[in-house]
1. Run down Glu214, Glu210 and say which single residue is part of a loop (DSSP other than H, G, I, E, B) and within 16 Å of ligand 2 (Cβ to nearest atom).
2. For region 247-296, name all the residues that are β-branched (Val, Ile, Thr) and under 30 Å from Ser68 (Cα atoms).
3. Could you check how many residues of region 113-161 are among the acidic types (Asp, Glu), free of Cβ contacts under 8 Å to residues at least 60 places away in the same chain and more than 13 Å from ligand 1 (Cβ to nearest atom)?
4. Quick one: which helices (runs of 4 or more DSSP H) sit completely within region 236-288 and have at least 1 residues that are within 23 Å of His186 (Cα to Cα) and either open to solvent by 10 Å² or more (accessible area, probe 1.4 Å) or away from ligand 2 (no atom under 16 Å from the Cβ) (or both)?
5. Collect the residues in region 44-82 that are of a type in the set (A, V, I, L, M) and more than 21 Å from the chain's Cα centre (by Cα), keeping them in residue-number order.
6. Using the structure shown, decide if His186 is within 12 Å of ligand 1 (Cβ to nearest atom) and either without any contact (Cβ under 8 Å) to a residue 24 or more places away in the chain or out of contact with any His (no Cβ under 9 Å at 6 or more places or on another chain) (or both).
7. Look at region 178-202 and say how many of its residues are closer than 24 Å to Leu233 by Cα, more than 19 Å from the chain's Cα centre (by Cα) and open to solvent by less than 10 Å² (accessible area, probe 1.4 Å).
8. Looking only at residues in region 162-183 that are in contact with a strand residue (DSSP E or B) (Cβ under 7 Å, 6 or more places away or on another chain) and within 16 Å of ligand 1 (Cβ to nearest atom), which one is farthest from Thr101 (Cα to Cα)?
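The values are calculated or read from the model by the stated rules, or taken from the named source; none is laboratory data. What you are looking at is a predicted structure, and each value in this text was computed from that prediction instead of being measured. Cβ sites come from the backbone with ideal geometry, for glycine too, and all protein chains shown count toward neighbours. Calculation scope for accessible area: heavy atoms of the full protein, side chains included, ligands and nucleic acids excluded. Shrake-Rupley method; radii C 1.70, N 1.55, O 1.52, S 1.80 Å.
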Amino acid sequence: MKILQADYIYVDGKYIENSAIVFDKKIEYIGSIDDILSKYPNIEIEKLAPNSVIFPGFINTHVHLEFSSNQTTLEYGSFVGWLRSVMSNREDIISDSDNKTMRVAIYDMLASGITAYGAISSYGGELEESIKAKQKVVFFNELIGSNPQTVDMLYSDFLERLELSSNYSKENIKPAIAIHSPYSVHLIVVKRAIALAKEKQIPLSVHFLESSSEKEWLAQSTGEFREFFEEFLNQTNSLTTKDDFLDLFNGYSTHLTHAVEVDDDDIDKISQNHHSIAHCPRSNRYLGGKPLPLKKIIDKDIKFSTATDGMSSNYSLNILDELKSALMIHHNININILADKLIESITKSANDILGLNGGVLEEGRDSDIVVMRLPNEPKSMDRISLWTILHCNEADKVYIDGKIVYQKI
Ligand code: BEZ
Ligand code: FE2
């Protein structure tokens, strides 16, 4: 059993003072120092450095570790331009993203306070390092393939990967399903994968409306995507529309990644079906996307996470970098309200989306705990989210299941 005392603890969306947290593998108690001294008289209290803030571990719901080696290879600025560069460089990037590169990427996430991540896995390449990772991993086996001739083969490969990742559910790996996108997966297998997620009751995710080109292709089979499909896949028409595609997910809460091109009707449908959104502001900016209409999403009470995406469309997997960027992008939301929402998006909301037992500091939750340290005493308790995002770049300490797994030097 361990007791940590900090100047501030993030409980129920607010910051409390003069308190401490008691934990073993699970959180036992959070309360005032006086209460804790009388309830646990024989346990030493570790007092953290001044201006420390205790948070639940941060959760990154969407990362592609298999592309971790990319830095100066892929084209930024337009989605289809980027996709073409992925098609031409995929093999080199994948082979350069060896275990060591992925290990460093996983460690970088840990240093920024990430205690759980959703790995979007195209080939299963990050399974080995994810099993060794300190973090909890929701392993989204990805299904891709629009060509009817190869779709059955790709589906059985996907099933094998799903099965393989299921062997480690007693360790830190939780199997899950990702359908690549409405433009890249044949509807026959999309339906099978959704049915499988429902049957197994496992998390389901899909990239959805990431670019204006995708939206145009789904609506009228024209634009940059048409040239891309003619060239690479000998295809001239979209196999679905955005509405027909989204309707396939009705009744099963799904994690929609990006969704920057959603209109008011899509937002209503997303809300009615209790879908959630992975908000990846840096990735969207680099690939020529619009900002997510976050204000509308918040107003409709749609759950969203803020996530890094992979190094294929980012310069770091540091979740605090991601939040800093999000603050700059959504200028139509009051910065203090936005900062609180962003902290919620990488804790409680991300936890609910991935179906884990962390995300909030309360009795019975896993002891996934992050300590951040502000540079000076905060003059207002209502601004701690904002000042944490602005001034912190690295965690001071990280605990997973009650064990210390990272300490700043
Ligand atoms: C496919 O495998 O069918 C595909 C992959 C990437 C973009 C579009 C289609
Ligand atoms: Fe992605």
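1. Values: Glu214 fails: part of a loop (DSSP other than H, G, I, E, B).
Answer to the check: Glu210.
2. Passing the criteria: Thr254, Thr257, Val260, Val262, Ile277.
3. The first filter runs over region 113-161 and keeps only residues among the acidic types (Asp, Glu), leaving 126, 128-129, 142, 152, 157, 160.
Applying the additional criterion that residues be free of Cβ contacts under 8 Å to residues at least 60 places away in the same chain yields 128, 142, 152, 157, 160.
Add one more test, that the residue is more than 13 Å from ligand 1 (Cβ to nearest atom), and what stays is 128, 152, 160.
Residues in region 113-161 being among the acidic types (Asp, Glu), free of Cβ contacts under 8 Å to residues at least 60 places away in the same chain and more than 13 Å from ligand 1 (Cβ to nearest atom): 3 in total.
4. Details: elements: 242-247, 264-272, 281-286.
It comes to 242-247, 264-272.
5. Just the residues of region 44-82 that are of a type in the set (A, V, I, L, M), to begin with: 45, 48-49, 53-54, 59, 63, 65, 74, 80.
Within region 44-82, Ile45, Leu48, Ala49, Val53, Leu74, Val80 qualify.
6. Numbers: within 12 Å of ligand 1 (Cβ to nearest atom): yes; either without any contact (Cβ under 8 Å) to a residue 24 or more places away in the chain or out of contact with any His (no Cβ under 9 Å at 6 or more places or on another chain) (or both): yes.
In short, yes.
7. Residues that pass the stated criteria total 5.
8. Going through region 162-183, the residues in contact with a strand residue (DSSP E or B) (Cβ under 7 Å, 6 or more places away or on another chain) turn out to be 162, 165-166, 169, 172-182.
Next, from what is left, pick out any that are within 16 Å of ligand 1 (Cβ to nearest atom): 178-182.
Numbers: Ala178: 23, Ile179: 25, His180: 24, Ser181: 27, Pro182: 30 Å.
The qualifying residue farthest from Thr101 (Cα to Cα) is Pro182.
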